[in-house]
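Student: Take a look at the following structure, please.
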């Protein structure tokens, strides 16, 4: 949820704050004015909003954990602690794994990601989609999708 909220367009933040947060209209107005004047970076306002909304649905501890995970994964470019797992089958290619794990909608999209150097295994770029999957490890597809291949 936190990551989805961070992708809210800047122009829609005020609407989200008014409809989903527990903040008063005065608090929201101040945040909007601070963003407009440059006192508060839109990313920081969005982070505050995402934390507030996540807290409403999942509690304060989960919101803080989600925020820390977001910062670690997307701002500091670290691998997240938790991610889906995938059991590698003998003979599967890189494209096969990407499709089976639903990290791309089609073979052509999987190949495009590989061609754009957007697929990594343990930090190393994978350049051939038709090659047998090299070894178990953490597969990263794009900037935000991770999979532990076992």
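The values are calculated or read from the model by the stated rules, or taken from the named source; none is laboratory data. If you're wondering where the values come from, they're calculated on a predicted model, not measured in any experiment. Every residue, glycine among them, receives a Cβ derived from its backbone with ideal geometry; neighbour counts consider all protein chains shown.
Student: May I ask you to say which residue of 107, 102 is surrounded by fewer than 16 Cβ atoms within 10 Å (Cβ to Cβ), closer than 27 Å to residue 50 by Cα and not assigned by TED's automatic domain parsing to the domain that holds residue 7?
Tutor: Exactly one residue qualifies, and that residue is 102.
Student: Filter region 115-136 down to the residues that are under 19 Å from the mean Cα position of the chain (by Cα) and surrounded by 13 or more Cβ atoms within 10 Å (Cβ to Cβ), then identify the one that is nearest to residue 79 (Cα to Cα).
Tutor: Per the criteria, the residue is 122.
Student: Considering only region 27-41, I want to know if a residue exists there that is within 30 Å of residue 83 (Cβ to Cβ) and outside the structural domain of residue 143 (by TED's automatic domain parsing).
Tutor: For region 27-41, residues within 30 Å of residue 83 (Cβ to Cβ) and outside the structural domain of residue 143 (by TED's automatic domain parsing): present.
Student: Exactly one condition in (1) closer than 30 Å to residue 43 by Cβ; (2) in contact with a strand residue (DSSP E or B) (Cβ under 6 Å, 6 or more places away or on another chain) is false for residue 145; which is it?
Tutor: (2)
Student: Shifting gears a bit: What single numbered condition from (1) outside the structural domain of residue 145 (by TED's automatic domain parsing); (2) out of contact with any helix residue (DSSP H, G or I) (no Cβ under 8 Å at 6 or more places or on another chain); (3) modelled with pLDDT of 90 or more fails to hold for residue 7?
Tutor: (3)
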